[in-house]
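Reviewing the structure listed below.
The values are calculated or read from the model by the stated rules, or taken from the named source; none is laboratory data. Quick caveat, the model's predicted, so the values are computed rather than measured. Please note: Cβ atoms are built from the backbone with ideal geometry, for glycine as well, and neighbour counts cover all protein chains shown.
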């Protein structure tokens, strides 16, 4: 005996889906067609674009500066830890202010 139940033929139904795109949309979505990115309907706002470019430039410069500071700090800490773990004395410099009498 089979574990599957047999259903009458009327209970099976195939639902066909129609495409959402029309022919106009299909023509616009061709790989070589970049007309949807042109933005010919709206004028360019150069002032806003330049402000955004400066903001992004400052953000990237800040990230790069922070990464360099972090790498330098990590290198200094590694150097000091290597010195201490090797058993040397006086590995970290201590700044003593010179007093004049």
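Say whether the condition of being in contact with a helix residue (DSSP H, G or I) (Cβ under 9 Å, 6 or more places away or on another chain) and surrounded by 10 or more Cβ atoms within 10 Å (Cβ to Cβ) is met by at least one residue in the range 71-82. Checked the range 71-82: no residue is in contact with a helix residue (DSSP H, G or I) (Cβ under 9 Å, 6 or more places away or on another chain) and surrounded by 10 or more Cβ atoms within 10 Å (Cβ to Cβ). Only a single item in (1) modelled with pLDDT of 90 or more; (2) part of a loop (DSSP other than H, G, I, E, B) is not met by residue 33, and it is number (1). If you take the residues in the range 42-70 that are exposed (fewer than 10 other Cβ atoms within 10 Å of the Cβ) and outside any helix (DSSP H, G or I), which one is modelled with the lowest pLDDT? That would be 42.
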